[in-house]
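Enquirer: Sharing a structure below in C-alpha cells format, with a few things to ask.
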Amino acid sequence: MPDTTGRSLTGAVVLLAAGALAAAVGYALFVILPGDLAELLGVVLTLVVVAVALKIAAGTLAARFANYTVAEVAVEGPITRDGDSSSFPPSPGTPGADEIVDQIERANEDPNAEALVVKLNTPGGEIVPSEDIRLAAERFDGPTVGYATDTCASGGYAIAAGCDELWAREGSVVGSIGVIGSRPNVHELADRLGVSYEQLTAGEYKDAGLPLKEVTPDERAYLQGIVDDYYDQFVAQVAEGRDMEEAAIRETEARVFLGREARERGLVDGLGDREAVLDRVEELTGAEAVVEEFTPTGGLMGRLRGGATATAYALGAGVAAAVAGDGTADGASDVRFRR
C-alpha cells in the first residue's frame, strides 16, 4: 500500500523550502543588489520568481512523490480528430483524438502508472482518429482495461479492442462493429432552384460523392467498395484484439448488445461497476489501485481558442464548402466514413 501520508508531508516540506529559497534569491536580486531603481518593482518581481519556482517544484514533486498507480483516460462523445471544438457551434468539453493519444502516451511515460484504465462512453466517430487511440492503448506498457459506461459502440469498440480487457455494466450498450458511408444529396433541390453542376475533373471517379450531382451505379459500387474495405479492416482488428473468430464478429451484423449478452458473445470480459474494474486492475498489477485522471495539457483556454477559430471558419468559407464543396476536394472526401 502506498505511504500517502509520508509522501504528502515530504512533498509539502520540499515545496515550502523551494518557495522560501526562491523568495530569498528574488529579494536579493531585485531589491537589495540593484539599489533604488529596483525597489518599486522588487516585490512584484520577487513574487514572480516565487510563483515560477513553485510551479517548477510542484511539477517535479508531482512525478517524484505521486501516490497513484493507475492512469485513467476518458474517451467520451463522438470521436473526431480535433474534438468538439471543430463543430458548429463549438464545445470546449470533449478532447480530440490527438489529445487523447497524448494523454495515453504521457501515462505510458509516467513511472507511477503501472496500469491504464480507458473509460469509454462514445458512439464512435471518425475512422482514423479512432484507430490512433486504439494503437496508443495497445502500446501502453502495462495492463490496459477498457471500461464501458453507457455506450461503447463502433469506433469506441475499436478502441476497446486495443485494451487487454473490456468491462461493462449490465445496461451498457456495446458493439456496432460496422462502418457507415454517408453523403448529402441535394441535386434535386439544386435543379428546382436552377442551380447546375459543372466541375472539370481528371479521373472517372474524382467527383464521386459530391452532393450536387446524382451518384451513378458505378460510383455507388466504388464508394460501397471503400465501406467494405473499412469493414474488413475493422473485423480483422477486433478479431485480433479480442482473440475471436472473424465469423463470430460478422454474425453480429453491426448490432449493439446490452452488457450481459455482449459478454455471452465474447465481446466483453467482465460485468461490474468502476469498483469492480479497479479490483480487477489490482489483480493484474498486484498493487493497490490508486487512480490519477490524465487530462488534456492544453487546458480550457486552449480549447476555447480552438472553438473561436472553428466558429470564425464556419461563419465564413466553411459553411459554403460544407454545402457545395470547395471545388478542390477529393471526391470521396464528400462522403463521410464513420465507425
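Enquirer: Can you name the residue in the range 204-219 that is within 32 Å of the chain's Cα centre (by Cα) and at negative phi and is also surrounded by the most Cβ atoms within 10 Å (Cβ to Cβ) among such residues?
Expert: 210
Enquirer: Conditions first: (1) assigned to a helix (DSSP H, G or I); (2) surrounded by fewer than 16 Cβ atoms within 10 Å (Cβ to Cβ); (3) at pLDDT below 95; (4) not polar (S, T, N, Q). Residue 327 passes all but one, so which condition is the exception?
Expert: (1)
Enquirer: Given the options 242, 192, 220, name the one that is among the charged types (D, E, K, R) and closer than 25 Å to residue 148 by Cβ. Spell out how you get there, then give the answer.
Expert: Working: 192 fails: closer than 25 Å to residue 148 by Cβ; 220 fails: closer than 25 Å to residue 148 by Cβ.
The match here is 242.
Enquirer: Please tell me if residue 159 is crowded, with 24+ Cβ neighbours inside 10 Å and more than 22 Å from residue 108 (Cα to Cα).
Expert: Details: crowded, with 24+ Cβ neighbours inside 10 Å: yes; more than 22 Å from residue 108 (Cα to Cα): no.
Spelling it out, it is not the case that residue 159 is crowded, with 24+ Cβ neighbours inside 10 Å and more than 22 Å from residue 108 (Cα to Cα).
Enquirer: Out of (1) buried (at least 20 other Cβ atoms within 10 Å of the Cβ); (2) in contact with an Asp or Glu (Cβ under 8 Å, 6 or more places away or on another chain); (3) more than 17 Å from residue 80 (Cβ to Cβ), what's the single condition that is false for residue 136?
Expert: So the condition that residue 136 fails would be (3).
Enquirer: Can you tell me which of (1) among the aromatic types (Phe, Trp, Tyr); (2) under 28 Å from residue 248 (Cβ atoms); (3) surrounded by fewer than 16 Cβ atoms within 10 Å (Cβ to Cβ) is the one residue 231 doesn't meet?
Expert: (3)
Enquirer: Further question: Scan the range 277-289 residue by residue and report those that are more than 16 Å from residue 150 (Cα to Cα) and outside any loop (DSSP other than H, G, I, E, B). Full working, then the answer.
Expert: Step one: of the range 277-289, the residues more than 16 Å from residue 150 (Cα to Cα) are 278-289.
The answer is 278, 279, 280, 281, 282, 283, 284, 285.
Enquirer: Next question, about the same structure. Looking at this structure, is residue 150 modelled with pLDDT of 95 or more, touching a strand residue (DSSP E or B) at 6+ places or on another chain (Cβ under 8 Å) and either in the same structural domain as residue 24 (by TED's automatic domain parsing) or surrounded by fewer than 17 Cβ atoms within 10 Å (Cβ to Cβ) (or both)?
Expert: Working: modelled with pLDDT of 95 or more: yes; touching a strand residue (DSSP E or B) at 6+ places or on another chain (Cβ under 8 Å): yes; either in the same structural domain as residue 24 (by TED's automatic domain parsing) or surrounded by fewer than 17 Cβ atoms within 10 Å (Cβ to Cβ) (or both): yes.
Spelling it out, residue 150 is indeed modelled with pLDDT of 95 or more, touching a strand residue (DSSP E or B) at 6+ places or on another chain (Cβ under 8 Å) and either in the same structural domain as residue 24 (by TED's automatic domain parsing) or surrounded by fewer than 17 Cβ atoms within 10 Å (Cβ to Cβ) (or both).
Enquirer: Given the conditions (1) crowded, with 18+ Cβ neighbours inside 10 Å; (2) in contact with a strand residue (DSSP E or B) (Cβ under 8 Å, 6 or more places away or on another chain), and given that residue 237 satisfies all but one, which numbered condition is not satisfied?
Expert: (2)
The values are calculated or read from the model by the stated rules, or taken from the named source; none is laboratory data. No experiment lies behind these values; they were computed from the predicted model shown. For neighbour counting, all protein chains shown are included, and Cβ atoms are generated from backbone atoms with ideal geometry for every residue, glycine included.
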